[in-house]
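Here's the structure we're looking at; comments come further down.
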Amino acid sequence: MPIDTHDPTAALSQLTTNIADIIRGYEVMEDKADVELRPVAQRLHALHEAHAAELLTVMENMGGRPEDTGSMMGAVHQAVATGRDWLGTLDASAIPQIVSGEERLLSSYDAALDTAEPRPELHKLLLHQRDTLKSQIDALKRH
């Protein structure tokens, strides 16, 4: 079902779902990643947990009913992380896939930002979260 691109609640709902999906993958990675990748997974997991909590509060204040359980994609993220672990490759070689997933999340932030224009405080929060995430992605690319 397509997201109403003019409805900030719908865009925020999609964003929180996408964040929840990524969190599910990091939950597996934190436990199974090698010593080099584990701090990366822990840092991004904590970042997304904090962002999700802020967004869920905003959605509740807007009268939305946030879903923080994620979607089928979250199960895919978990399965990929588990599969890489079984193959003994949950290490720094996973960073390009992590970057790709995080860049897809930037697109969700962009969609939410487009709908948040009439709400300056929401727009400011989303922009701050997006900028923070972009900084993490840039650091991963230099890794």
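Of everything in the range 96-141, what is among the aliphatic types (A, V, I, L, M) and within 13 Å of residue 48 (Cβ to Cβ)? Give them in sequence order.
Initially, the range 96-141 is screened for residues among the aliphatic types (A, V, I, L, M), giving 98-99, 105-106, 111-113, 116, 122, 125-127, 133, 137, 139-140.
Scanning the range 96-141 gives 98, 105, 106, 133, 137.
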Exercise for the section: Take residue 55 and decide whether it is buried (at least 18 other Cβ atoms within 10 Å of the Cβ), modelled with pLDDT of 80 or more, under 14 Å from the mean Cα position of the chain (by Cα) and within 19 Å of residue 102 (Cα to Cα). Expected result: yes
Exercise for the section: Answer yes or no: is there a residue in the range 101-124 that is surrounded by 15 or more Cβ atoms within 10 Å (Cβ to Cβ), modelled with pLDDT of 95 or more and among the basic types (Lys, Arg). Expected result: no
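How many residues does the range 105-143 hold that are farther than 19 Å from residue 11 by Cβ, in contact (Cβ under 8 Å) with a residue 24 or more places away in the chain and within 14 Å of the chain's Cα centre (by Cα)? Give the derivation first.
First pass over the range 105-143, keeping only residues farther than 19 Å from residue 11 by Cβ: 135-143.
Filter once more, so that each one left must be in contact (Cβ under 8 Å) with a residue 24 or more places away in the chain: 136-137, 140-141, 143.
Right, trim to within 14 Å of the chain's Cα centre (by Cα) and you get 136-137.
Of the residues in that region, 2 qualify.
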Fill in the blank from the handout: Picked from the range 15-43 (must be farther than 18 Å from residue 113 by Cα and either of a type in the set (Ser, Thr, Tyr) or touching a Phe, Trp or Tyr at 6+ places or on another chain (Cβ under 6 Å) (or both)), the residue surrounded by the most Cβ atoms within 10 Å (Cβ to Cβ) is 26
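The values are calculated or read from the model by the stated rules, or taken from the named source; none is laboratory data. Everything numeric in this text was worked out from a predicted model, so none of it was measured. With ideal geometry, Cβ positions are generated from the backbone for all residues, glycine too; neighbour counts draw on all protein chains shown.
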